[in-house]
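Below: one structure, written as structure tokens.
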Amino acid sequence: LTEKKPTVVFVLGGPGSGKGTQCANIVQHFGFTHLSAGDLLRAEIKSGSENGTMIQNMIKEGKIVPSEVTIKLLQKAIQESGNDKFLIDGFPRNEENRAAFEAVTKIEPEFVLFFDCSEEEMERRLLSRNQGREDDNIETIRKRFKVFLESSLPVIEYYNSKEKVRKIDAGKPVEEVFEAVKVIFTSNSE
Ligand code: UP5
Ligand code: MG
């Protein structure tokens, strides 16, 4: 059976860089389905699944949940969506995530959107978000920054070496960031 592989764009960037905000805009303009790995994991906690407590503890510590758990949730969401174009937001977060996703799904991203933002600005955004996220406290935020630098930036470097990274200055206001995002999606989608 030869089923056409879905189109995937990885949306990466530090905690609070604006991945979720911009993905919502991209969905409206370009017909992608938005899959936030973090949102899928938080839904898994809420559903009372057997992995819920483990996931909750890892998110509280800013640690990266085992690949198999996250990949299973992503695969299920892809299958259930009925779409063939996906923004995968906040994944892959380390080299192991990346390699496992590629091995299991055989999907390579079309490109990688990288929201580049200073820690100072990201911290300000996260501390004023007020959506009750258990990881939006200064202790966990510091841990998330550390994991991003040590584990997630190397993934972006990997894709940069393959010329797949589209870097965006994410420190600007939402509308300005989206203008830059639009240029990238317009020139990559034909
Ligand atoms: N905001 C957005 N853009 C702005 C702008 N341009 N100017 C001013 N304000 C802006 O934005 C954050 C806040 O900033 C919002 O209040 C927004 O209005 C404002 P948002 O769009 O939510 O940023 P985002 O990058 O999505 O931030 P988020 O906190 O979701 O990023 P994280 O990468 O930290 O969180 P995620 O949900 O992806 O992961 C959480 C945890 O889950 C991880 O730490 C990890 O423990 C776990 N996880 C895994 O283990 N594996 C995975 O694959 C994924 C997650
Ligand atoms: Mg998010």
Original post:
Listed here are the pairs Lys4/Lys76; Lys143/Lys182; Lys46/Lys164; which of them are more than 27 Å apart at the Cα?
Top reply: Lys143/Lys182; Lys46/Lys164
**OP:** Report relative contact order for the range 106-177 in percent, whole number only (criteria: Cα-Cα under 8 Å, sequence separation at least 6).
**Re:** 54
**OP:** Averaging sequence separations of C-alpha pairs under 8 Å and six or more residues apart, then dividing by the length of the range 1-126, give the relative contact order as a whole percent.
**Re:** 49
Original post:
From a point 7 Å beyond the Cα of Lys146 in the direction of its Cβ, which residues of the range 1-40 have a backbone N at a distance under 16 Å?
Top reply: 15
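Could you rank the peptides 45-53, 77-85, 90-98 by their average count of other C-beta atoms within 10 Å per residue, with the highest value first? Write out the running numbers ahead of the final one.
On the way: 45-53: 12.1, 77-85: 13.7, 90-98: 20.7.
Listed from highest to lowest mean packing, they are 90-98, 77-85, 45-53.
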Original post:
Out of residues 5 or more away from Asp89 or on other chains, whose amide H comes under 5 Å of its own, with H placed 1.01 Å from N in the peptide plane?
Top reply: Val11, Leu35, Ser36, Ala37
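Per DSSP H run of at least 4 residues, take -39500 (n - 2.57); add these up for the chain, divide by its residues and hand me the 222 nm value, nearest 500 deg cm²/dmol.
-16000 deg cm²/dmol
No value in this document is a laboratory result; all are computed from the given coordinates. Keep in mind it's a predicted model, so treat the numbers as computed, not measured. Note that we place each Cβ from the backbone using ideal geometry, even for glycine, and neighbour counts take in every protein chain shown.
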